[in-house]
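Trainee: Structure below; questions to follow.
Computed from the coordinates by the stated procedures, all read-outs in this text should not be read as laboratory data. In this text, all values refer to a predicted model and were calculated from it rather than measured experimentally. Note: ideal-geometry Cβ built from the backbone for every residue, glycine included; neighbour counts use all protein chains shown.
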Amino acid sequence: MIDPVFQYLISISASLLFLLAGVHKLSNLIEFQGIIDNYRILPIKLTRLAVLLISFSEIALGIGWLISQSVLIPLLSATLLCVYTFSIVVNLVRGRTYIDCGCSFSKFDGLLDRTTSANLSFGLVKRNFVLIVLMLLTIIPPHSRMLSALDFFNLLISLLCVVVIYAAANQLLRNNNAISSWRNIGE
């Protein structure tokens, strides 16, 4: 059995992840379509449909994590992350590490140097694997116990920590890409 606080933490975190990602994609449809085109997985004619399908799926999953206790939500979320991971691995095998992963683009990325964008790496594969495992943990039935005020306080503090850790991990992946590109310039 899983502690309900841990299950709520994963659910709220997954909801935030999918809602923010879906909204970012919808607000930047043309840029996101370019990113999907760069993966060279789908025919160009299907990428517009894929962009809309991915964006609305992420928003639906984000809402689903908040309002549903169904095991379908973690399974669909893990499946979507597996599709993303498969697309990354295909391009890594092709040697196409230089393309933007599409994980964190937004209007704010214009403030960042494009050489530090989140290019494809096995670090993204590992990150996605961790996310998949965490989301699938919510399938385990929760321990039935009453939540106290301290539990809700711990949930809030833990959620803030998750946001900081996730942002730090993404920044470390960006830094790793920048350092790798600097090393390649010297060769």
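Trainee: Would you mind calculating the gained length between Tyr166 and Ala60 on full extension (0.36 nm times residue separation, minus the Cα-Cα distance), in nm to one decimal?
Mentor: Values: separation 106, 0.36 × 106 = 38.16 nm, distance 2.14 nm.
Separation in residues times 0.36 nm, less the Cα-Cα distance, equals 36.0 nm.
Trainee: How long, wide and thick is the chain, going by the Cα atoms along their three principal axes, in whole angstroms, largest first?
Mentor: 58, 38, 29
Trainee: Step through the residues of segment 151-157 one at a time and calculate ³J(HN,Hα) from phi using the Karplus curve (6.51 cos²θ - 1.76 cosθ + 1.60, θ = phi - 60°), rounding each to whole Hz and writing x for Gly and Pro.
Mentor: Listing the rounded values in order: 4, 5, 5, 4, 4, 5, 5 Hz.
Trainee: Quick one: what are the phi-derived ³J(HN,Hα) couplings along segment 57-64, Karplus 6.51/-1.76/1.60 with θ = phi - 60°, whole Hz, x for glycine and proline?
Mentor: Those phi angles translate into 5, 5, 5, 4, 5, x, 5, x Hz.
Trainee: For a quick check: sort Glu31, Glu58 by the number of other beta carbons within 10 angstrom, fewest at the front.
Mentor: Working: Glu31 17, Glu58 22.
By the 10 Å Cβ count, ascending: Glu31, Glu58.
Trainee: Could you calculate the FRET efficiency of Leu159 with Leu53 from 1/(1 + (r/R0)^6), where r is the beta carbon distance between them and R0 is 35 Å, rounded to 0.05? Mind showing how you got there, number by number?
Mentor: Values: r = 29 Å, r/R0 = 0.82.
Calculated value: 0.75.
Trainee: What is the fewest-to-most order of Ser57, Ser70 by other Cβ atoms lying within 10 Å of their Cβ? Each step should come with its number before you reach the end.
Mentor: Numbers: Ser57 17, Ser70 11.
Fewest-to-most ranking of Ser57, Ser70: Ser70, Ser57.
Trainee: Hey, another quick one. For Val130 and Val71, calculate 0.36 nm times their separation in residues minus their Cα-Cα distance, and state this gained length in nm to one decimal.
Mentor: Working: separation 59, 0.36 × 59 = 21.24 nm, distance 1.82 nm.
Contour length minus Cα-Cα distance gives 19.4 nm.
Trainee: Enter the angle in degrees (range 0 to 90, nearest 10) between the Cα long axis of helix 29-39 and the first principal axis of the Cα atoms of the chain, meaning the one along which they spread out most.
Mentor: In the chain, helix 29-39 runs at an angle near 70 degrees to the longest axis.
Trainee: Please give, to one decimal in nm, the separation of the simple spin-label points placed at Ser148 and Ile30, each 7 Å out from Cα toward the Cβ.
Mentor: So the label points at Ser148 and Ile30 sit 5.6 nm apart.
Trainee: What are the residues whose amide H is under 5 Å from the amide H of Gly102, where those residues sit 5 or more places off or on another chain and H is modelled from the backbone?
Mentor: none
Trainee: Here's something else I'd like to know. Once you keep just the Cα pairs under 8 angstrom separated by 6 or more residues, what percentage relative contact order results for the chain? Intermediate results must be reported in sequence, preceding the final value.
Mentor: Details: 179 pairs, mean separation 61.7, N = 187.
In percent, rounded to a whole number, it is 33.
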